[in-house]
Every structure is written in C-alpha cells, then in structure tokens.
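The values are calculated or read from the model by the stated rules, or taken from the named source; none is laboratory data. Keep in mind the model is a prediction, meaning the values are calculated, not measured. FYI the Cβ positions are ideal-geometry reconstructions off the backbone, even for glycines, and counts take in every protein chain you see. Just so you know, the surface numbers come from the protein's heavy atoms only, side chains and all, with ligands and any DNA or RNA stripped out. Shrake-Rupley method; radii C 1.70, N 1.55, O 1.52, S 1.80 Å.
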Amino acid sequence: MQRIIAPSVLAADFGHLERDVRMVDRSEAAWVHVDVMDGVFVPNISFGFSVLRAVRRATAKPLDVHLMITAPERYAARFAHDGADRITFHLEATDDAAHCISLIRESGAAVGISIKPATPVEALREVLPSVDMVLVMSVEPGFGGQRFMPASLDRIAALRRMADELNPGLLIEVDGGISSANARVLFEAGADVLVAGSSVFRAADPEAEIANMLHA
C-alpha cells in the first residue's frame, strides 16, 4: 500500500495562495488537493478554473481535483485541460457515472469517484473496476474544519476488501477531519491517500505536520 498526503488548498490563505502552494511543493506531500464546490451539490462555493490554473503554475506536483458539483460531466474535460491530473466526482452528483468516468478517462486524467458518509460502500460495486481511486468522505462535504467521523474506519476497511476482489490496484483516499493524530489508524484501515486542510495550513509548522501524517 502507498502512503500519500494531499493537502487541500481550500484551507490555504487565499491572500497568499502561491506561497502556501509552494510550501506544499517543498514538503513531503505527493499531491495538491483542490476542492471545487458549486453551492448546489454542497452548501458552499469555492473556486473554479482560474484558481486551478494559478495552483497549477505554483507546483510541479500532481493536482488532485475533487468536484463537489452537480452534473460533473459538464466540466470534467475542462478541469483536465486546465491542469488536473486526477479528477474525482461524486456518485451522488450524476445520473450516469459510467459516462462521467469515460469523459474523465478520455481527457487524460486519472479517475476518482467519491461517496458521502451516508452512501453505502456497496453502491460502488458496479463502477469500482473502472476507476483508479475512491474518495471516502469522513465528514459531510462542503466545509473544512469538521470533526472526523469514526464510522469511516469501517467503511474504509469494507472498501479495501471490495477492492481486493474487484480492483486490487485501487487507491483509497479519505478526506475530512484528518491530522497526524489519526493518520496512522486510517492507513492501517486501508487508506492510501489522506487529504488534510485545516490541520496542515493552521499548523505552526505545516511541513512538519505533513511529515508527521506521512510517517505516523
């Protein structure tokens, strides 16, 4: 299993976004995570293409873009064109997950799919062989700084068992309430990629917090 840390720039200082992204670029984090919210699928609005392009210019690391938007198939190819290396959409946000997977694949980006805390892991069974990654939300999507939901550990373990059956190379990503305090148990449960926002960008030493998560 891999260990990847993907700091979420949703928690960065937008007045010093380039500075914060370059900090991630210097750190032991492997990816930069970009949360895109439309105010419809989730009750918040973040940023879109222009900010993604700015982040792309500030880092050489892969951009891991999480679309929390309705009908993600409308925009997936454009996010890839503007710098996304990995694009994750929500199973709950589209009526045709297979079509969205195909569009992302055709755009040249790796494909991820995400589920909210209330969506059963079993709902992913049909699409699991077709994706590169599953993002398990360990909080309700839409806002940073929420407390981690402990029930997520069982969901990660169940997903890992399903992946061993249907897609052994699948990466499992977890997002929500993650810090160096719980990174170890998440990796032990079967996670490969940990997304962290507030715990990184509000830390006294963000690069040390990233390292502490990675080596927990």
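Results for (1) open to solvent by less than 40 Å² (accessible area, probe 1.4 Å); (2) in contact (Cβ under 8 Å) with a residue 12 or more places away in the chain; (3) farther than 21 Å from residue 206 by Cα; (4) out of contact with any Ser or Thr (no Cβ under 8 Å at 6 or more places or on another chain), shown as yes or no for each residue.
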residue: 7; (1), (2), (3), (4): yes, yes, no, no
residue: 13; (1), (2), (3), (4): no, yes, no, yes
residue: 18; (1), (2), (3), (4): no, yes, no, yes
residue: 22; (1), (2), (3), (4): no, yes, no, no
residue: 38; (1), (2), (3), (4): no, yes, yes, no
residue: 42; (1), (2), (3), (4): yes, yes, yes, yes
residue: 45; (1), (2), (3), (4): no, no, yes, yes
residue: 48; (1), (2), (3), (4): yes, yes, yes, yes
residue: 51; (1), (2), (3), (4): yes, yes, yes, yes
Residues located in the stretch 60-79, provided they are open to solvent by 10 Å² or more (accessible area, probe 1.4 Å) and within 24 Å of residue 29 (Cβ to Cβ): 60, 61, 62
Any chance you could count how many residues in the stretch 121-154 are open to solvent by 30 Å² or more (accessible area, probe 1.4 Å), at pLDDT 95 or above and of a type in the set (A, V, I, L, M)? 2
Residues satisfying the stated conditions in the stretch 95-120, i.e. among the hydroxyl-bearing types (Ser, Thr, Tyr) and buried (at least 21 other Cβ atoms within 10 Å of the Cβ): 114
Tally time: how many residues in the stretch 173-182 are closer than 16 Å to residue 157 by Cβ and within 15 Å of the chain's Cα centre (by Cα)? 2
Report yes if residue 86 is open to solvent by 60 Å² or more (accessible area, probe 1.4 Å) and at pLDDT 95 or above, otherwise no. no
Cross-chain or 6+ apart pairs with Cβ under 9 Å, the stretch 161-175 first and polar (S, T, N, Q), then part of a loop (DSSP other than H, G, I, E, B): 167/131; 167/132
Mind listing whichever residues of the stretch 165-205 are open to solvent by 20 Å² or more (accessible area, probe 1.4 Å), in contact with a Pro (Cβ under 8 Å, 6 or more places away or on another chain) and farther than 27 Å from residue 127 by Cα? 201
Out of the stretch 38-63, which residues are of a type outside the set (S, T, N, Q) and touching a Gly at 6+ places or on another chain (Cβ under 8 Å)? 42, 43, 45, 52, 53, 55, 56, 63
Quick one: is residue 157 farther than 25 Å from residue 41 by Cβ, open to solvent by less than 10 Å² (accessible area, probe 1.4 Å), out of contact with any Phe, Trp or Tyr (no Cβ under 6 Å at 6 or more places or on another chain) and among the small types (Gly, Ala, Ser)? no
